[in-house]
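A quick write-up on the structure given underneath.
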Amino acid sequence: WIMKFGSITTPIITDGLVFNMDAANRASYPKTGTTVTDTIDNTNGTISAATFSDVNEGVFSFDGTDDYIDFTSFSGVTGLYALTVSVWYKSSTYPATGARLIESNQFSIYQPNGTASNTKGRFYYIAKSEPYGNGFFTLGGTSASGVGDLVDGNWHNLCFTYNASNTTAVIYEDSVAVITKTDVAAPNSTFQLRNTTGDLVVGARQNFSNEIVGNIGPVQIYNRALSASEVLHNYDALKGRFNL
């Protein structure tokens, strides 16, 4: 249950963990410089303009102008049929255009702009399918992409799981399952994540546009779908840092 790298341990589940970024872990970020390390396989990411803050033991701040963290050639879940993506996020600013909290060739957590009342302060959780290229499968549509406005200046944990064995995807917000979809198979009845390698970008799209305005804390990616009890375990392990 304990992270295997770094001088600051994080009591999260490690089974299936393929990516871990946490500014509070000195093995991930030493509080200075432009290099961030994924503590699972020691892959380095490059900071563009995003800044480190000591609040909550260590987070990254993004101001929406050329701010992002780029991990090149990420392939942790390539070609697999299950995943979990977890991001700790805080913002009080609605984006003028759709913003990306995290995006790779296989998934994206996307924040619509703040103009439409049915999506304001909510998020889309997207898995990118194979063999349908850039085709997306989004959960819930515009009226059910979350429950309530999360752009409230408070910390929230956004967690998205997909399990191909039962074609089920679940969205958890602050450890609570708010959307469960049990019919998320692709048109050919086999929903495989895109079998390609590309940049994993935190705070923006893969093309480094659509940046967020806010703070990002720990980010974890798994090559399997965590159970509800495991999602709660990870939330409980980290929530004390964010006064929850």
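Among residues of region 223-244 being in contact with a helix residue (DSSP H, G or I) (Cβ under 9 Å, 6 or more places away or on another chain) and open to solvent by less than 40 Å² (accessible area, probe 1.4 Å), the one that is nearest to PHE107 (Cα to Cα) is ALA225.
Do the conditions hold for ASP54, that is, is it in contact (Cβ under 8 Å) with a residue 24 or more places away in the chain and among the acidic types (Asp, Glu)? The answer is no for ASP54. Among the residues that make up region 185-200, is at least one of them modelled with pLDDT of 90 or more, buried (at least 18 other Cβ atoms within 10 Å of the Cβ) and under 27 Å from ASP149 (Cα atoms)? Scanning region 185-200 turns up at least one residue that is modelled with pLDDT of 90 or more, buried (at least 18 other Cβ atoms within 10 Å of the Cβ) and under 27 Å from ASP149 (Cα atoms).
ILE69 falls short of the stated requirement of being open to solvent by less than 50 Å² (accessible area, probe 1.4 Å), in a loop (DSSP other than H, G, I, E, B) and in contact (Cβ under 8 Å) with a residue 12 or more places away in the chain. A single member of SER104, SER117 is surrounded by fewer than 20 Cβ atoms within 10 Å (Cβ to Cβ) and either within 22 Å of ASP15 (Cα to Cα) or at pLDDT below 95 (or both), and it is SER117.
Residues considered: LEU158, LEU139. Of these, the only one that is open to solvent by less than 60 Å² (accessible area, probe 1.4 Å), under 24 Å from GLY98 (Cα atoms), at pLDDT below 85 and of a type in the set (A, V, I, L, M, F, W, C) is LEU139. Test ASN25 against the stated conditions and say whether it is part of a loop (DSSP other than H, G, I, E, B) and either of a type in the set (Gly, Ala, Ser) or modelled with pLDDT under 95 (or both). It is true that ASN25 is part of a loop (DSSP other than H, G, I, E, B) and either of a type in the set (Gly, Ala, Ser) or modelled with pLDDT under 95 (or both). The set of residues in region 207-243 that are among the small types (Gly, Ala, Ser) and not in a strand (DSSP E or B) comprises SER209, ALA225, SER227, ALA228, SER229, ALA237, GLY240.
The values are calculated or read from the model by the stated rules, or taken from the named source; none is laboratory data. Predicted model only: the values in this text are computed from it and were never measured. Quick reminder, even Gly has a Cβ in these numbers, built from the backbone with ideal geometry, and neighbours come from all protein chains shown. Side chains are part of the model used for accessible areas, which takes the heavy atoms of the whole protein and leaves out ligands, DNA and RNA. Shrake-Rupley method; radii C 1.70, N 1.55, O 1.52, S 1.80 Å.
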